[in-house]
Amino acid sequence: MRSVVSASGESRPPQPSLTSLLVRVFTALVLGYASYNLLTLNLKPIFDTYIPLVAPFKSLAIVGGFLYVFWVSLSHRLCGRGFGVVTALAAVSMCLLTAPWYGVTSPYYYSVFGLASFLAMGILTEYLNGGFGNLACLLINWVSAYAYNVAKVSLIGVLALVPVAFASGLAGDYAARGLYRIVSKWIRF
């Protein structure tokens, strides 16, 4: 579709229809629900057994790229700018509706850090890449866990998991890009 030229001669891109917008929102919410379902996987016992680092949120560092960033990036690519953030917020909102963030009830507002971490993930995945998105999400959770003495955080664990978290997020982002290239031949919003 061609851009519309206004009376002043300026070119404006065509506006999406209401139906197209609703389909995009629905798609972003469905992808958020898919990510939420993966959020409910309890990988903590597995990672605590086989990775003896003293650092919380190991699953976010190790497989966060495929459990969360993948869906955020895919939503951004399929639906357009801003919809990756919608997917990230949908996933964390559904998680927070079912339980407090990582089960922490004191302080009562601790769940705000979960919301902030996924908001950062969505924004950075869209504007930079999934490596930065996953890393920011993990760092926000680590800082909040350390500040509120929710979990032990060791310097060795942090230094070991920072590059892993970045690589995991980047891998999830690239996997979403690859799937988008395949799917975009059939799906257009």
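The values are calculated or read from the model by the stated rules, or taken from the named source; none is laboratory data. Please read all numbers here as calculations on a predicted model, not as lab measurements. Using ideal geometry, Cβ is built from the backbone for each residue, glycine included, and neighbour counts are taken over all protein chains shown.
Key figures for this structure:
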read-out	value
Number of positions in segment 163-189 that are under 23 Å from F66 (Cα atoms), in contact (Cβ under 8 Å) with a residue 60 or more places away in the chain and not polar (S, T, N, Q)	15
Residue selected from segment 111-161 under the condition farther than 19 Å from A176 by Cα and among the hydroxyl-bearing types (S, T, Y), by the criterion surrounded by the fewest Cβ atoms within 10 Å (Cβ to Cβ)	S154
Options S35, S73, S20; residue that is crowded, with 22+ Cβ neighbours inside 10 Å and either modelled with pLDDT under 90 or in contact with a Phe, Trp or Tyr (Cβ under 7 Å, 6 or more places away or on another chain) (or both)	S35
Candidate set from segment 76-110 (those that are in a helix (DSSP H, G or I) and among the small types (G, A, S)); member that is surrounded by the fewest Cβ atoms within 10 Å (Cβ to Cβ)	G103
Some residue of segment 122-140 being free of Cβ contacts under 8 Å to residues at least 60 places away in the same chain, outside any helix (DSSP H, G or I) and either acidic (D, E) or more than 16 Å from G64 (Cβ to Cβ) (or both)	no
Complete set of residues in segment 149-161 that are free of Cβ contacts under 8 Å to residues at least 12 places away in the same chain and within 20 Å of the chain's Cα centre (by Cα)	none
Test for V164: is it surrounded by 19 or more Cβ atoms within 10 Å (Cβ to Cβ), more than 12 Å from the chain's Cα centre (by Cα), not polar (S, T, N, Q) and not in a helix (DSSP H, G or I)	no
Filter pass, Y50 being of a type in the set (S, T, Y), out of contact with any Lys or Arg (no Cβ under 8 Å at 6 or more places or on another chain) and in contact (Cβ under 8 Å) with a residue 40 or more places away in the chain	no
Test: residue in segment 82-97 that is farther than 18 Å from C137 by Cβ and without any contact (Cβ under 8 Å) to a residue 12 or more places away in the chain	yes
I182 within 11 Å of the chain's Cα centre (by Cα) and either surrounded by fewer than 19 Cβ atoms within 10 Å (Cβ to Cβ) or over 23 Å from M94 (Cα atoms) (or both)	no
Only one of N149, N134, N141 that is within 20 Å of A55 (Cα to Cα) and modelled with pLDDT under 90	N149
